[in-house]
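Data first, discussion second: the structure below is written as structure tokens.
The values are calculated or read from the model by the stated rules, or taken from the named source; none is laboratory data. Fair warning: this is a prediction, and the values are worked out from it, not measured in the lab. When we count neighbours, we look across all protein chains shown, and the Cβ atoms used for this are built from the backbone with ideal geometry, even at glycine. Remember, those area values only see protein heavy atoms, side chains included, never the ligands or the DNA or RNA. Shrake-Rupley method; radii C 1.70, N 1.55, O 1.52, S 1.80 Å.
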Amino acid sequence: MERDLRSIGEVARDSGLTVSALRFYDAAGVLVPALVDPVTGYRRYTDDQVASARLVAGLRRVGLPVAEIAQAVRAEPAVVHRLLDTQLRRLADGLADARREVSRIRALLPVEESSAATRLTLDRAGLAAAVDAVRFAVGTDPELPALTGVLFDVTDTGVRLVATDRHRLAVATADATVDGPAVRTLLPLAAVDRLSRLVTDPDGDAHEVRLTLTTSRLHADVAGRELHATALPDDFPDYHVLLPRAGEHGSPRRISVDAEWLAGALRAGGPTLTREYAGAPLPVTVLGLGTGDGLRLLGPDDLHHADDLRVGVNGAYLLDALDAAGSGRLVLELDSPVTPLAIRRPDDEGAFSILMPIRLCPNAPLGRIGPPGAGVGAIRARR
């Protein structure tokens, strides 16, 4: 029988545990050898214990406590899965704590003055307007941390600000003198709000703001008044694929509309459809063509003509977009019932927002894009 057992060195080689680790787990009662020679003290293990040693090695690598490793070695697979799920939650919480601490430490450091930093000089009013144009679309879902900030996407002519919560997307640009390479900095909303207060401070008399950006930091300077901010560590989604463009139905119809009239109609409770979303009724605002190719809010009785151009959106989201765009004339781009609605300012093609369409047929899923039955999500973020 002893000849069929394995030495501690063989088990170490086949399991990934060191000899000293096997001795430790023996002393801890986690993996006790099948036989210990009373004279030499040599430990011997069965083939089944080699499999257990491999499990111990894996659990050790993911940081499971010794007491839980001991439990896992003797437990059914379902119990081991629950222990692993608990450990993953611990690791996620620990990583979140570490990221917050790293952000706190970085905020204490001076601004990087290396050649990798990109420096911009831009108009204060232009930057303030860009921030105001996108802030409403910032996400609040803690499960999607990459969407809880504003992306500063620097090109050779300026900076594009982008925000999205998956159901709507807002974009604005600010011209700038740029010194350095293109860079993308994802700034948390709290830092964006501090930047907005800095550039709109009525006590400041400087017309310019200087930004220094890296992928992890932003520094703003307005006539000696400074702001230091640490970027979010997450990857912002590729928003370029969602920018308005001609779709499969041809070029979108561009409709000029008075922003105050449309906002007033929405606030007055204009005609809507009701669809169910997440177990609750959701009012859907339907936009279509009126007389003279003007805009009209459609009700349930107006949807019987299948060829009419129309799109359904969340009315509250549309109102947010109108408020961010300001008063006066706006241009709405309607393409098809399954294509995002674009809202533009005619005096600034670089500032716009888009809203994900809501399917108008009663049994279709809300807030999705694609042909009937498709399951294409509105906007997906990489995590």
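Got the relative contact order for the chain handy, in percent, Cα pairs under 8 Å and 6 or more residues apart?
12 percent
Its DSSP H runs of at least 4 residues, each contributing -39,500 (n - 2.57), put the calculated 222 nm mean residue ellipticity of the chain at -9500 deg cm²/dmol, to the nearest 500. Given a 1.4 angstrom probe, I'd like the percentage of the accessible area of the chain that is carbon and sulfur, rounded to a whole number. Here it works out to 52 percent. Remark on Leu341: its backbone amide H falls under 5 Å from those of Leu355, a criterion applied only to residues 5 or more positions apart or on other chains, H modelled at 1.01 Å from N.
Subtracting the Cα-Cα distance of Phe24 and Val241 from 0.36 nm times their residue separation leaves 72.6 nm of extension gain. One quarter of the surface of the convex hull around the alpha-carbon atoms of region 271-351 equals 6.4 nm², the direction-averaged projected area. Site pair Arg253 and Arg99 shows an inter-label distance of 4.3 nm when each label is modelled 7 Å from Cα along Cα→Cβ.
How large is the Rg to Rh ratio of region 1-135 when both quantities use alpha carbon positions and Rh follows Kirkwood? Checking Rg against Rh, the ratio lands at 1.35. The value obtained for region 1-78, namely the Cα convex hull volume divided by the number of residues, is 90 Å³ per residue.
Mind pulling the angle between the C-alpha long axis of helix 77-108 and the longest principal axis of the chain? Nearest 10 degrees, somewhere in 0 to 90. Compared with the principal axis, the helix lies near 60 degrees.
Solvent exposure of the chain amounts to 52 Å² per residue of accessible area, where only protein heavy atoms count and the probe is 1.4 Å. Between the amide H of Gly16 and any residue lying 5 or more places away or on another chain, no distance stays under 5 Å, with hydrogens modeled in the peptide plane.
Expressed per residue, the C-alpha convex hull volume of region 30-71 stands at 73 Å³. With bins 20 Å wide beginning at 0, the percent of Cα pairs of the chain falling in each bin runs 23, 37, 25, 13, 2, 0.
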